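Structure incoming, see below.
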Amino acid sequence: MAEGNPSDRRRSPRYNVRAPILVEGALPGVTTDISSGGVAFECDQPLKPGESVMFELSLVRSGVLLHCAGQVIRVEDRGGMKVVAASIDTIRFEGPEEEKDLRSAVSRM
C-alpha cells in the first residue's frame, strides 16, 4: 500500500509509488512519488524545466490509466539517471468507475 509522507509540506499528500510512466516523445520511465498536483519520475531523456509534457501513468493494481498534462518543474541528476518533477495540470482517468479519484487509486498500490 502506498503511504503519504506526513513530514512533507506540500499542499497535497505525496505517495511513494513506483509505477510505469510514458512521457510523450521520451522513453518509458518509472515514478518515484505522486500527488494530486504532481509527479516525480526517473527518466533517461533530457527534459527541461518549464517544458510542457504529456504523460500516461499506469496504476496497475487499481486498474487505472491516467492521461496527464503538465510542466516540468525541475530535473535532478542522480547517478546518471534524471529525476524529473512535473506538475499535473490536467488529468483524465481510464479504468474502473470507483477509482476515479487519485487518492483512492494510489492507496490501493
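Suppose each label sits 7 Å from its Cα in the direction of the beta carbon; what would the E24-E51 distance come out to in nanometres?
In this crude spin-label approximation the distance works out to 1.4 nm.
What does the highest-first list of 79-87, 53-61, 28-36 look like by mean Cβ count within 10 Å?
28-36, 53-61, 79-87
Continuing with the same structure: Calculate one ³J(HN,Hα) per residue across segment 76-90 by plugging θ = phi - 60° into the Karplus curve 6.51 cos²θ - 1.76 cosθ + 1.60, and present them in order as whole Hz with x for glycine and proline.
Whole-Hz 3J(HN,Hα) from phi for segment 76-90: 10, 9, 10, x, x, 9, 8, 10, 10, 9, 9, 6, 10, 8, 9.
Taking the Cβ of each residue in R74, R14 as the centre, tally the other Cβ atoms inside 10 Å and list the residues starting with the fewest.
Arranged by neighbour count, lowest to highest, R74, R14 become R74, R14.
Here is a further query. For segment 20-95, evaluate the Debye formula with one uniform point scatterer on each Cα (no solvent term) and list log10 I(q)/I(0) at q = 0.13, 0.16 Å⁻¹, rounded to two decimals.
The Cα Debye sum returns log10 ratios of -0.33, -0.49.
Read-outs: derived from the displayed coordinates by stated rules, not from any lab. Not measured: the values here are computed from a predicted model. Reconstructed Cβ throughout: ideal geometry from the backbone, glycine too, with neighbour counts over all protein chains shown.
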